[in-house]
Amino acid sequence: MRNSLPACCLLLLLGLSLQASDFRWVKAPFQWNAGGTVCTQAIPLYGADFRIHYASRRKGAMKITLVDASPAAKPKPSKVVVDTKNLLSPGWRDFSGYQMAYLIVEGDSRGWDISLDLYLDSLQEWKLKCHLEETAQATPSKQAFWAGEGSQQISFSPKAKPWKIVGKGDKPLPMKLTVRTQDQQLLFQRITQTDTGESWGWLHTAAPVNITVECPQELAWTIQVLALP
């Protein structure tokens, strides 16, 4: 007599098969176009696998470090995604096993581009969409604000982490914005032409920092620190 699986088992196997075939690579709405040394915000990774795409716009040096930001008691060790003196062409690397992570990018000041692909099924894709909608509706709180002209140095003690720094100028002049720890570890550095955009970056530290503004004396600027609720 030939053995046969119960109907409920066949339905379960069919469901698992359909779910497995439902996975696809999704272009995530996490893209960064900047230059210099910048940290990204923490990224929710709903699927087991994801891919980091990177490119340096003028074949400049680039180092990218993947940092585990999951709420686990023991985070994974940081991983170097790429580290090269001359990035001759765009590239990518595959990773897996993270719930949430952020990137530390140490790149050429002339510019770089980074994006993510996530390998998701339809349920994970829906969860990501809900998270993005919820985040978009969240109102950031202002931790600090400064206004000035010309080069200055500011001491700042964050109230919480992570936090976002945003710098703007009122004239088409270059502005270099740098954030270092008190022991001189570089956390953020960007040179921007203030008529073409703002300096921005996420910081994942609650330790006191020094913020340095370097620009022509005639440039009036504002800097604010924002934190999501």
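Below, the figures for the structure above:
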| read-out | value |
| --- | --- |
| Those residues of region 126-145 which are aliphatic (A, V, I, L, M) and either open to solvent by 50 Å² or more (accessible area, probe 1.4 Å) or part of a loop (DSSP other than H, G, I, E, B) (or both), in sequence order | LEU132, ALA136, ALA138 |
| Among the residues listed as ALA55, ALA61, the single one being surrounded by fewer than 16 Cβ atoms within 10 Å (Cβ to Cβ) and small (Gly, Ala, Ser) | ALA61 |
| Hits in region 33-61 (condition: touching an Asp or Glu at 6+ places or on another chain (Cβ under 7 Å), assigned to a strand (DSSP E or B) and among the hydrophobic types (A, V, I, L, M, F, W, C)) | PHE50, ALA55 |
| Flag if PRO208 is in contact with a Ser or Thr (Cβ under 6 Å, 6 or more places away or on another chain), more than 16 Å from THR37 (Cα to Cα), of a type outside the set (Asp, Glu) and open to solvent by less than 70 Å² (accessible area, probe 1.4 Å) | yes |
| LYS171 vs. criteria farther than 22 Å from THR40 by Cα, modelled with pLDDT under 90 and over 19 Å from the mean Cα position of the chain (by Cα) | yes |
| Scan of region 77-119 for residues that are closer than 21 Å to HIS204 by Cα and aliphatic (A, V, I, L, M), ordered by number | VAL80, VAL81, VAL82, MET100, ALA101, LEU103, ILE104, VAL105, ILE114, LEU116 |
| All positions within region 146-178 that are open to solvent by 50 Å² or more (accessible area, probe 1.4 Å), outside any loop (DSSP other than H, G, I, E, B) and of a type outside the set (A, V, I, L, M) | TRP146, GLU149, GLN152, GLN153, SER155, LYS164, LYS168, PRO174, LYS176 |
| Of all residues in region 82-125 being in a strand (DSSP E or B) and among the charged types (D, E, K, R), the one that is nearest to LEU45 (Cα to Cα) | ASP117 |
| Extreme residue, most open to solvent (accessible area, probe 1.4 Å), among residues of region 184-205 that are more than 23 Å from VAL67 (Cα to Cα) and among the polar types (S, T, N, Q) | THR196 |
| Verdict on THR181 being modelled with pLDDT of 95 or more, open to solvent by less than 50 Å² (accessible area, probe 1.4 Å) and of a type in the set (Val, Ile, Thr) | yes |
| Complete set of residues in region 69-110 that are over 16 Å from GLY36 (Cβ atoms), among the hydroxyl-bearing types (Ser, Thr, Tyr), out of contact with any Leu (no Cβ under 6 Å at 6 or more places or on another chain) and modelled with pLDDT of 85 or more | SER70, SER78, THR84, SER96, TYR102 |
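The values are calculated or read from the model by the stated rules, or taken from the named source; none is laboratory data. In this text, all values refer to a predicted model and were calculated from it rather than measured experimentally. All Cβ positions, even for glycine, are placed from backbone atoms using ideal geometry, and neighbour counts span all protein chains on display. Calculation scope for accessible area: heavy atoms of the full protein, side chains included, ligands and nucleic acids excluded. Shrake-Rupley method; radii C 1.70, N 1.55, O 1.52, S 1.80 Å.
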